[in-house]
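What follows is a set of notes on a single structure, which appears directly below.
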Amino acid sequence: MNIRLIALAGVVACAIALPLAVASAGPVGDQDPEAVRPSRQPDAKAPSPEPVDAPGLLGLGLATAARCGPELTSPDGIEAQTCVMTQGEDTWARTYYRNASGEALDSVLSLMGPGGRTMQMRCPIGADDEPATCETPRERTRGDLAAYTAVAEFASRAGEEPLLLRSGSNSGAPAGG
């Protein structure tokens with residue numbers, strides 16, 4: 001009888017603790033772009049700077065790997081960092097941005113994959129100065145993860161102004177030798 005009571009108490013404690021842990025973690029999309037920087041040390045809460053061929057389990061679910069380009073700032077006050085994200089067998093693009101230009105903008109986020117495959121997402125950007133994210137739908141990973149790149153372009157809504165900022169998932173390192 002004591003074993004059943006102890007087992008029941010353990011199940012009740014887990015049922016109470018798990019929703020509290022998930023609620024305190026908050027949604028992934030509300031992260032400050034300045035707070036998400038690749039780390040040299042593995043951390044279950046922060047994206048890995050290198051793509052992972054087979055993300056493992058980190059307690060509550062599959063790990064998410066991020067391959068991000070540099071954080072960029074335009075003279076017009078737009079800040080952005082663009083990443084290729086991978087979780088399990090899914091890949092997608094995400095850009096973290098902040099618009100301090102004082103005007104509403106348009107943005108297009110593109111995920112380019114192997115075989116010339118491209119997916120685009122249009123993201124209207126508000127005139128507020130709050131950090132936000134835009135991401136493409138997830139798709140099943142095809143081929144080598146290193147073949148995926150992401151680019152976000154920010155422009156005035158009038159469409160007649162020049163491009164204000166282009167942010168990519170590449171590191172900007174020269175290719176070849």
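The values are calculated or read from the model by the stated rules, or taken from the named source; none is laboratory data. Predicted, not measured: the structure shown is a model, and the values here were computed from it. Every residue, glycine as well, gets a Cβ built from its backbone with ideal geometry; the counts of neighbours run over all protein chains shown. Just so you know, the surface numbers come from the protein's heavy atoms only, side chains and all, with ligands and any DNA or RNA stripped out. Shrake-Rupley method; radii C 1.70, N 1.55, O 1.52, S 1.80 Å.
So how do Thr64, Thr82 rank on accessible area, 1.4 Å probe, biggest first, that is with the largest at the start? Walk me through the numbers on the way to the answer.
On the way: Thr64 50, Thr82 0 Å².
Largest accessible area first, the residues go Thr64, Thr82.
What are the ³J(HN,Hα) couplings of segment 88-102, residue after residue, when phi is run through the Karplus curve with 6.51, -1.76, 1.60 and θ = phi - 60°? Round to Hz, x for glycine and proline.
x, 9, 9, 9, 7, 10, 9, 10, 9, 9, 9, 10, 9, 6, x
So how long is each side of segment 62-177 along the principal axes, counting just the alpha-carbon atoms, biggest first, in Å?
For segment 62-177, the Cα spread along each principal axis is 40, 35, 25 Å.
How far apart, in nm, are the 7 Å Cα→Cβ label points at Val108 and Asp128?
So the label points at Val108 and Asp128 sit 2.7 nm apart.
Report the Cα centroid-to-centroid distance between segment 128-161 and segment 60-125 in angstrom, as an integer.
When both Cα centres are located, 4 Å separates them.
Put Glu79, Glu71 in order of accessible area, largest first, 1.4 Å probe: what do you get? Numbers along the way, then the final one.
On the way: Glu79 55, Glu71 80 Å².
Ranked from most to least accessible, the order is Glu71, Glu79.
Give me, ordered by chain and number, the residues 5 or more places off Asp90 or on other chains with an amide H under 5 Å from its own placed amide H.
Answer set, sorted by chain and number: Thr141.
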